[in-house]
Amino acid sequence: MLCQVCKEHTATIHLTEISHGQRTEIHICEQCAQKQGIVVKNQVPLNELLSTLLSSQGQEESAAPGVAGAVQDEVCPFCGMTLKKFSQKSLLGCPHDYEVFDQPLRALITRSQAGHTRHAGKVPSRAPRAMRNHVEVVRLRRRLDAAVQAEDYEVAAQIRDQLRKLQ
Amino acid sequence: MRPTELSDHVSQWFDGSGPGADIVISSRIRLARNVAGYEFCPCLTTARKSEVLQRLRETLLALDLGQELFFIDLNAASTLEQNLLVERHLISRQHARAAGPRGAVIAHDESFTAMINEEDHLRIQVFQTGLQLAACWERINRIDDLIEQHVEYAFDPEYGYLTACPTNVGTGIRVSVMLHLPGLKMTGQIEKLFNTARDTDLAVRGLFGEGTEAVGDFFQLSNQVTLGPAEDQIVSNFTDMVVPKIVEYETLAREKLLKTQPDKLDDKIQRALALLRSARLISSQEALFLLSHVRMGVHLRRIEGVSVATLNELFMLTQPAHLQARQGKPLDPDHRDALRAQMIRSRLCQN
């Protein structure tokens, strides 16, 4: 099927819109979709994502040289990792890197983890109780949000009680 | 145990007996873990790598999993042995090719394997035949608890389990299913699957995971997001939503083919079978394609007298390293193609 707009390329994007009971179908190619501002979600390879983030930091650098410049040149005192090295292989050098490169990593993690920045899963049983509670609170809050959204107030009340006990 | 001893039989999780195994060949869950107090593998010196290897090896071999566990020193293993383990999905290609102290601990029935000093210090995996992800999670979670009694993992209250690559951080979990989707491929709907997967943050890969192409209508579907949702949520998303939908589409596609193009379908299946029964030289790629069509034919009852177990066996045992291990020596591609054709002929003509 050819793109309805340019009538040149194959239509790879098929949209169905229903508005006021009227159903319209649009078949267009990726180029025309982009021109029309239709966003197609793509999986961006990590190193590409990282270089984009680093270069956008470079731009900030010219605006505020001190701050971003310091971030870019930072070397992890524990393993010698730098952001430049990381961007080449997409692998960190040690657990401390998550703190040392906190800001750029946070941006990267948010992007590659569908907007999530907090762990709400398993916690090692040997981890201190406070740490276990911390993750449990995140998990319960998330479940509470879901329950409220689903208007399941009975479950929401139960979760709220559990949260109160933990906090 | 030598890896080459594995070359004459199929891994249990690949025997095609599990629930829904006509479409979902197998289920796998992997957890990525790192030992606290050590640099991640890319920055770890050889001496410290040996230390990590030694510690994890001891801990893993002492696990009580109700069956024998073997350690394979990958630094000392031959290329053929390494390739054999890759072909059986017990280790990754990267793990095979890497250098330095590294190894694998493998359960006798191959339903559990652990890679030591791959991208992370420890990557444990559990396999099951068919769609059995909940069982995989239950088992791997228990094994992880057992290991954790002896090893302190790198863990952060905010980011969870810390991994060398931030794309694995949080749960460190990779849930995946191996799918056989000839119907969607033949009806030209496979693109739709790719797009849907992309929109829902899932990755579709080839038979051997990351960086491999999909051949012979086999695909691996896995989660991309490891931070945020809890492990059981990620698992139930697969078991309750994603996989049943794909199975439904594949089943519909096969039914549609049967109804609207039975001749085309039969032609594809019967040609594949005839080729496999007559060819004198066959590459592993071609074998994969043809076996894939025959496999669909068996499930749609268009072929009689060939069992899925036989086909799965041929899928696994006709791979290059398997053929060479059985012969006990390296063989050039032509020789392998002849041997492969002979093996397939003898198995498929018996019936």
- So what J values fall out for the range B:326-341 if you push phi through Karplus, 6.51 cos²θ - 1.76 cosθ + 1.60 with θ = phi - 60°, rounded to Hz, Gly and Pro as x? 5, 7, x, 7, x, 10, 6, x, 4, 4, 5, 4, 5, 5, 4, 4
- Residue (of B:ILE140, B:ILE72, B:LEU252) at the positive-pole extreme of the range B:3-254, dipole from beta-carbon charges: B:LEU252
- Estimated distance in nm for a label pair at B:ASP332 and B:ALA99, the labels positioned 7 Å out from Cα along Cα-to-Cβ: 3.0 nm
- Which distance in Å, rounded to a whole number, links the C-alpha centroids of the range A:99-128 and the range B:1-58? 24 Å
- Which percent of Cα pairs goes in each bin when the distances of chain B are cut into 20 angstrom slices starting at zero? 30, 56, 14, 0
- Query: Any idea of the total accessible area buried by the A-B contact, 1.4 Å probe, rounded to 100 Å²?
  - Reply: 3600 Å²
- Expressed in square angstrom to the nearest 10, the accessible area of B:LEU131 with a 1.4 Å probe stands at 40 Å²
- Item | Cα centre as origin, Lys/Arg/Asp/Glu Cβ charges: the protein assembly as shown dipole, Debye | 680 debye
- Largest-first ranking of A:SER125, B:SER307 by accessible area, probe 1.4 Å, whole protein assembly kept, is A:SER125, B:SER307
- Message: Between B:ASN75 and A:ASP161, how high is the FRET efficiency from 1/(1 + (r/R0)^6) when r is the Cβ-Cβ distance and R₀ = 60 Å? Nearest 0.05.
- Response: 0.65
- Tell me, which cysteines of chain B are without a disulfide-compatible partner by the Cβ under 4.7 Å rule? B:CYS41, B:CYS136, B:CYS165, B:CYS349
- Task: Please work out the average accessible area per residue across the protein assembly as shown, using the 1.4 Å probe convention, and give it in Å².
- Result: 47 Å²
- Area accessible to solvent at B:LEU162, 1.4 Å probe radius, in Å²: 10 Å²
- Task: Please list B:HIS95, A:HIS9 in order of solvent-accessible area, largest first, computed with a 1.4 Å probe with all protein chains present.
- Result: A:HIS9, B:HIS95
- For the range B:124-170 and the range B:234-306, distance of Cα centres in Å: 34 Å
- Measure up A:LYS122/B:LYS245; A:LYS85/B:LYS49; A:LYS7/B:LYS192 against 25 Å on the Cα-Cα distance and list the ones that go over. A:LYS122/B:LYS245
- If amide H atoms are built 1.01 Å from N in the plane of the peptide, which residues on other chains or at least 5 residues away come under 5 Å of the amide H of B:ASP156? B:TYR161, B:LEU162
- Item | Ranked order, B:GLU158, B:GLU304, B:GLU148, A:GLU99 - accessible area, probe 1.4 Å, largest first | B:GLU304, A:GLU99, B:GLU158, B:GLU148
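The values are calculated or read from the model by the stated rules, or taken from the named source; none is laboratory data. Values in this document were obtained by computation on a predicted structure and should not be read as measured data. Neighbour counts run over all protein chains shown; Cβ positions are idealised from the backbone, glycine included. Areas reflect the complete protein model, heavy atoms only, side chains present, ligands, DNA and RNA absent. Shrake-Rupley method; radii C 1.70, N 1.55, O 1.52, S 1.80 Å.
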